[in-house]
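Everything below concerns the one structure shown next.
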């Protein structure tokens, strides 16, 4: 566990997502949860050794399975953007981890079995401030990268938890993205308002300015390639042909290449259909 500010810590050693925790006299605020049972036990043990009160909140940065499936085991009040509650109304309960090909990290583990969700008990639409002792914790809707996305801003410490807005060294999750909005949001992070901030990515720990610029370039490249396919009325079955061009960005991660290819194939196909040929999307989802 790494302390990134007074009473603010991150953990990058578990499978899936980077975790955060804010601990004060009144209790702890957790940011996302691990999904492997052994990681959940280890994380709970680490939190139990922290000084703090009895209040326990868990903020989910978006609706991605990697970060929400372990929430139920954390025994706390779950907080999320209001779209997260709507998503849980459409997901089966319980949820079985089988035959998934979206390229998410949890799909690499066959022992997860059946999931039982923990829908958020506390939600907001645009912005909400949690007055956590003397440290305001500001939750703000964050558009573009994933459904139900938010970021967590600690203005007094100039710390910002970004979720999947920036994912260095691996392909982003594109299936539910809105790329133009995503790029707009990323450009906000390059404004003077965020100078001096410590930025925490949801899968890689501390984020640098060059990581943000790379993410913008990559997303713009994806958008341009998909626009070209749309202009040629190319069927979604041809999406796979553009993956080698994009995978060249991730050659430094050879052990993850198969996972990354799945992620790009699924994400590009779903984005292409949702935005350009929505009449075909039901058939594609049925075949998966």
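Okay, here's what the table says:
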| read-out | value |
| --- | --- |
| Qualifying residue in the range 247-261 (condition: in contact with a helix residue (DSSP H, G or I) (Cβ under 9 Å, 6 or more places away or on another chain), exposed (fewer than 15 other Cβ atoms within 10 Å of the Cβ), under 21 Å from residue 180 (Cα atoms) and in contact (Cβ under 8 Å) with a residue 12 or more places away in the chain) | no |
| Scan of the range 5-27 for residues that are in contact with a strand residue (DSSP E or B) (Cβ under 9 Å, 6 or more places away or on another chain), touching a residue at least 40 places away in the same chain (Cβ under 8 Å) and surrounded by 19 or more Cβ atoms within 10 Å (Cβ to Cβ), ordered by number | 7, 8, 10, 17, 18, 20, 22, 24 |
| Scope the range 192-238; condition part of a helix (DSSP H, G or I), touching a residue at least 24 places away in the same chain (Cβ under 8 Å) and surrounded by fewer than 15 Cβ atoms within 10 Å (Cβ to Cβ); matching residues | 220, 221, 230 |
| Matching residues in the range 153-165 - criterion: being at positive phi and part of a loop (DSSP other than H, G, I, E, B) | 158 |
| Residue list for the range 28-42, restricted to those being touching a strand residue (DSSP E or B) at 6+ places or on another chain (Cβ under 7 Å) and in a loop (DSSP other than H, G, I, E, B) | 32, 33, 34 |
| Breaking point among (1) at pLDDT 95 or above; (2) not in a strand (DSSP E or B), for residue 168 | (1) |
| Which numbered condition residue 183 misses (of (1) touching a helix residue (DSSP H, G or I) at 6+ places or on another chain (Cβ under 7 Å); (2) assigned to a loop (DSSP other than H, G, I, E, B)) | (2) |
| Residue among 73, 85 that alone is farther than 16 Å from residue 152 by Cα, surrounded by fewer than 23 Cβ atoms within 10 Å (Cβ to Cβ) and touching a strand residue (DSSP E or B) at 6+ places or on another chain (Cβ under 7 Å) | 85 |
| Residue ID - modelled with the highest pLDDT, chosen from residues in the range 43-68 that are over 30 Å from residue 267 (Cβ atoms) and not in a loop (DSSP other than H, G, I, E, B) | 57 |
| Of all residues making up the range 275-288, the number that are within 24 Å of residue 228 (Cβ to Cβ) and either outside any helix (DSSP H, G or I) or at pLDDT 90 or above (or both) | 1 |
| Qualifying position, being buried (at least 22 other Cβ atoms within 10 Å of the Cβ) and either touching a strand residue (DSSP E or B) at 6+ places or on another chain (Cβ under 9 Å) or without any contact (Cβ under 8 Å) to a residue 24 or more places away in the chain (or both), among 174, 162, 122 | 162 |
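The values are calculated or read from the model by the stated rules, or taken from the named source; none is laboratory data. Computed from a predicted model, the values in this text were never measured in an experiment. Cβ sites come from the backbone with ideal geometry, for glycine too, and all protein chains shown count toward neighbours.
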